[in-house]
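Notes to accompany the following structure.
The values are calculated or read from the model by the stated rules, or taken from the named source; none is laboratory data. Note that the coordinates shown come from a computational prediction; the quantities given were computed from them, not determined experimentally. Please note: Cβ atoms are built from the backbone with ideal geometry, for glycine as well, and neighbour counts cover all protein chains shown. These accessible areas exclude ligands, DNA and RNA; they are computed on the full protein's heavy atoms, side chains included. Shrake-Rupley method; radii C 1.70, N 1.55, O 1.52, S 1.80 Å.
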Amino acid sequence: MTNPYQAQQPHDVYGQPPVQHQPAEWPPTAAGIAPSAPPAAPSRKPLIVAVAAALAALLLAVGGYGLYDRFIREDTGVAACKAMREGKKADGSAKGGGDDKLTEAEYRQARRVFEDSRHDDIREHGTALMDLAWQMSQIPNGQEMGALAFMGPMTMHMSGLQTACANQGVIVTLNTE
């Protein structure tokens, strides 16, 4: 006799024991092919590498220009000193003979040569000398005696520019002719 308290096996409607099913694989696989992994989340690593490379390139470009500007390229003020030593204008062009009046374009160009110098003393005395030359060139005909008022500052800045050029190894003899 069977024990009524013993757990009984469930039966289907026809009295047959139920079929035991194995858990199915999901997703189903084709014969011999392993299931593929689910798609991975997008990686940020390529973006970080690209940003780091761009920053490194920018740093190299800025550093390279700084080295070029500071150590390789000749200073514009020193180049003007060398041009004056060789008897040329401050911008390196040949001096014209005769009574050439300074044009505004020539004044601005010569002044810019000294303004762009890395050396404070060349920049100070060179720009002041160009300003004085421009002011003297604007004295109307017949009032040339007014140029005497500029002789003190002109002498001071000519001497200062000679010293500034000499400090950079360029000996210049400036004439007031």
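Rolling a 1.4 angstrom probe over the range 102-172 with all protein chains present gives an accessible area of which 54% lies on carbon and sulfur atoms. Among 45-58, 158-171, the peptide with the highest mean count of other Cβ atoms within 10 Å heads the list, and the full ranking is 158-171, 45-58.
With the Kirkwood sum run over all distinct C-alpha pairs, the range 102-175 has a hydrodynamic radius of 12.9 Å.
Between Ile139 and Val49, residue separation times 0.36 nm minus the direct Cα-Cα distance comes to 25.9 nm.
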